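Note sheet for the following structure.
Here, each number is a calculation from the coordinates, and none is a lab measurement. Because the structure is a prediction, the values reported are computed rather than measured. Note: ideal-geometry Cβ built from the backbone for every residue, glycine included; neighbour counts use all protein chains shown.
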Amino acid sequence: MTRNRLEYIWLDGDEPTQHMRCKTLVVNDFSGETKDAPIWSFDGSSTNQASGGLSDLLLTPVRVFSDPKRTDGYLVMTEVMNPDGTPHVSNSRATIHDDDDDFWFGFEQEYVLWDLDHHTPYGFPAPGYFPPPQGPFYCSVGAEYNIGRNIVEEHLDVCIQAGINIEGINAEVMKGQWEYQVFAKGAKEAGDQTWVSRFLLERVGETHDVRINLEPKPVEGDWNGSGMHANFSDNTLRTCGSKDIFDKICEAFGTEEAIARHIAVYGYGNEQRLTGKHETQSINKFSYGVSDRGASIRIPIQTVDDGYKGRLEDRRPASNADPYQVAAVIVDTVRGAEMS
């Protein structure tokens, strides 16, 4: 008999930004299949999801990954459900209505390693002092500029071991800032993989006494913020070979209604990051362009070189955005444009 440890992960009801919660269930001879992970419950009154008088909520497993930090362990991503089995109001995964492998997502998750003692980015001097201006830190090498590589490499290793489709890592523009990329087919799968990769990052940070900061603008002034650029495509974008179709889809993102709907789920505090500076477009404007990192949506040069076949990149989502909600609204806007 094998004693398996299943770490159940869910999103709480904290506002304006949800946080991950987790707890461990020990079972015998678990198959590793999502269908065999039992439905569990938790106290929703302690996670801002229920009242004390009616506190039990359900955790329904939706995706299982190997747990690289535990022998015979698994990570179980779950959806929060009401006692009657309907999705809880905080269940953003349930907002994805169009979910098949036709839609591909690549999320570029930026974050900052945060010093818990000084409450500054990892590698910054003591409060009141600042490192040299940004410039030498992006994709840097060497102890003076590259901060926290051991933490980042450990996260890369555990993601690969868990079965996360992580595609790369790099140091970012601000000192102590990093990025990794996750690719998946299907909106729900992309969200599952991104949330579990965040969970693993937080757990690696725990072992180093380092907080993972997902604030869109963690340091004021002439420093880049942190985003979660959303690369996306469907069969039409991958095969159409038409600039007109790409323009039509991009313009659908630029309507007043679409801008409001997207910005509403693109992360709390994002107005501090989307200023029109530091490789962003202003939150009050919309634009798209080829190879333009100052646009709301960038058309990658490779897409153009391939004859307008490929992907688009929405550069507006913040680092703390919920990938489920981001994927859901992107799918809706693209599908709406294609059907009009």
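Annotations for the structure displayed:
- Build a GNM of the chain with springs between Cα atoms under 10 Å apart, and of ALA50, ALA143, ALA260 the one that fluctuates most is ALA143.
- More than 35 angstrom apart: percent of Cα pairs within the chain: 24
- Neighbourhood charge, 13 Å Cβ-Cβ cut-off, centred on THR34 and excluding it, Lys, Arg +1 and Asp, Glu -1: -2
- With the convex hull constructed from alpha-carbon coordinates only, the stretch 1-74 shows a mean projected area of 5.5 nm² over all directions.
- Pairwise centroid distance, computed over Cα atoms, of the stretch 317-340 with the stretch 195-268, Å: 10
- Extension reserve of the ASP222-ILE39 stretch, reckoned as 0.36 nm per residue once the Cα distance is removed: 61.1 nm
- Near GLU108: Cβ cut-off under 15 Å, other residues only, Lys/Arg at +1 and Asp/Glu at -1. The net charge is 0.
- In a DSSP loop and with at most 11 other Cβ atoms within 10 Å, the chymotrypsin sites (Phe, Trp or Tyr not before Pro) in the stretch 32-131 are TYR129.
- A simple count of charges around ASP209, restricted to other residues whose Cβ falls under 15 Å of its Cβ and scoring Lys, Arg +1 and Asp, Glu -1, yields -3.
- Residue-wise HN-Hα coupling along the stretch 153-166, computed from phi with Karplus coefficients 6.51, -1.76, 1.60 (Hz; x: Gly, Pro): 5, 5, 4, 4, 4, 6, 5, 4, 5, 6, x, 6, 8, 7
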